[in-house]
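The values are calculated or read from the model by the stated rules, or taken from the named source; none is laboratory data. Values in this document were obtained by computation on a predicted structure and should not be read as measured data. Cβ: placed from backbone, ideal geometry, glycine included. Neighbour counts: every protein chain shown. Surface accessibility is based on the protein's heavy atoms, side chains included, excluding ligands, DNA and RNA. Shrake-Rupley method; radii C 1.70, N 1.55, O 1.52, S 1.80 Å.
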Amino acid sequence: MSKTTLTSSAGAPVIDDNNSISAGERGPLTFDNHYLFEKLAHFNRERIPERVVHARGSGAYGTFTLSKAMGDYTIANFLQKVGEQTEVFVRFSTVGGGQDSSDYARDPRGFAVKFYTQQGNFDVVGNNTPVFFLNDPIKFPDFIHSQKKNPRTNLPDPQAIFEFWANHPQSLHQMTILMSDRGIPASYRHMHGFSSHTLSFWNDKGERYWVKWHFKSNQGIKTLTEKETEGLPAFGAQQDLVESIDKGDFPSWAVKVQIMTEAQAQSYHINPFDLTKIWPHADFPLMEIGQLELNRNVDNYFAETEQAAFAPSNLVPGVGASPDKMLQARLLAYQDAHRYRVGVNHNQLPVNRPRCPVNHYQRDGAMAGCPMNGGSSVQSSGANFYPNDRAAQGAPDVSNHTPEPPLTLAGSAAKRYDQSDADYYSQAGDLYRLMSEDQKSQLVNNIAGGLRQADSSVQERMVALISQCDADYGQRVQAAIA
């Protein structure tokens, strides 16, 4: 079998890839080692900045198959016909650690789904939990700093972790989930996914509905205790996902939604846009709308999984955002992070590129016009501005779309909202009371393991907050750290 010729990045054949050009056997290298210099220079640039959060991840391609037509709720074209399939790319991740961290850390798991629809990419950028630690994004950098390694020692810092939570009762619900038996998923296949945020649908009548997305694992839930993670390889969850798909054991999830009308949202006793709260299923039951299956591994981890750019701002006609304050901030922050990490033309990379025609007047920037990357067909018309007299394409067209309904705002004053008196205790307490004795024991022991390493002030405040969730919950934590 003939061999493919090795070339430089400019396409020139390489004569020798094992020996540098030297001024004699014991002399220095010469300055015409241009192929050596190319290899070293590219090697120095092989990495891009890692994600500040969700750095360690695993991804795969698959399909979403619609089982319930959603035309009553949304004009989104991929949600209209039963049986229609939409290609997806899903990335799972741990959240707090770097790329060198373990797949078995006690940590939330990212669960991001990119739907390659015929009207653009729609991204659900969520977690394996239905809530989060915060409902105001101004605290997000502080929260992440508290969960990362100590800036002086570069070691884990339980004092900082619990000190943040002791000052922010809005974190109690998510903290209770994290410290429970579900804090360490056994694999990415054996966990649920959630949009966590409230998103929106609107139909061809101009009616808006508020929506939460749920991805329920058909493999069931499997978790690990701290003891069971000992000795497991740091890459175990990634290995499990890759090997399962390679052997044809395709993981799948039932895709479900909760739906709330605008009228219900206005009068419901829980703020439907508070990311620290769930919508009780008794009031807003799950509606199954399809199945998501992962059936193809990536060919190049760096090019696909590492450069995959998910963003909550990737929305399509019929699917919108909500007044969720954390979501509002992510509409900016995620695209901004991708432009920094990957480049301004990150959406031209194959893993991010829409599967539908793309026509826009954005121009230039790093890697613009690369044939492998695709790009805009509008620029070939000779005009890169709008409106213009030459382009037959690239003009706004709302003829086939019902515009998103206007948002009715409660109150007219823009001000800072102090939510310190909000109820951040009931749902965490409800979750605790649902647990078995074994689950309660695991929860308390997991909290105590870190809280013992915090100072007495943090311990006292944490116990006081936990006791407001449930008196027994607080008493057990107090006894465990005594």
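Computed quantities for the displayed model
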{"quantity": "Label-point gap, in nm, between E38 and S267 - each point 7 angstrom along Cα→Cβ", "calculated": "7.2"}
{"quantity": "Label point distance in nm, E207-D423, each placed 7 Å from Cα along Cα→Cβ", "calculated": "2.9"}
{"quantity": "Residues in the stretch 41-63 reached by a label modelled at K247 [backbone nitrogen below 14 Å; 7 Å Cα→Cβ]", "calculated": "none"}
{"quantity": "Accessible area (Å², per residue) of the stretch 242-286, counting only protein heavy atoms and a probe of 1.4 Å", "calculated": "48"}
{"quantity": "Projected label distance in nm at R355 and D100, using a 7 Å step from Cα toward the beta-carbon", "calculated": "3.9"}
{"quantity": "Cα centroid of the stretch 197-240 to Cα centroid of the stretch 286-325, whole Å", "calculated": "12"}
{"quantity": "Sequence of K216, K3, K39, K227 from largest to smallest accessible area, 1.4 Å probe", "calculated": "K3, K227, K39, K216"}
{"quantity": "At 1.567 mPa s and 4 °C, Stokes D of the stretch 4-104 from Kirkwood alpha-carbon radius, µm² per second", "calculated": "67"}
{"quantity": "Over 43 Å [Cα-Cα, the chain], rounded percent", "calculated": "23"}
{"quantity": "Förster radius 25 Å - calculated FRET efficiency between A303 and V52, Cβ distance, rounded to 0.05", "calculated": "0.75"}
{"quantity": "Apportionment of accessible area to carbon and sulfur, the chain, percent (1.4 Å)", "calculated": "52"}
{"quantity": "Prolate/oblate/rounded label for the stretch 165-206 (Cα gyration tensor, a/c 1.5)", "calculated": "oblate"}
{"quantity": "Förster radius 22 Å - calculated FRET efficiency between A471 and S441, Cβ distance, rounded to 0.05", "calculated": "0.85"}
{"quantity": "Pairs beyond 28 Å (Cα-Cα), from K68/K440; K247/K440; K222/K440; K216/K440", "calculated": "K68/K440; K247/K440"}
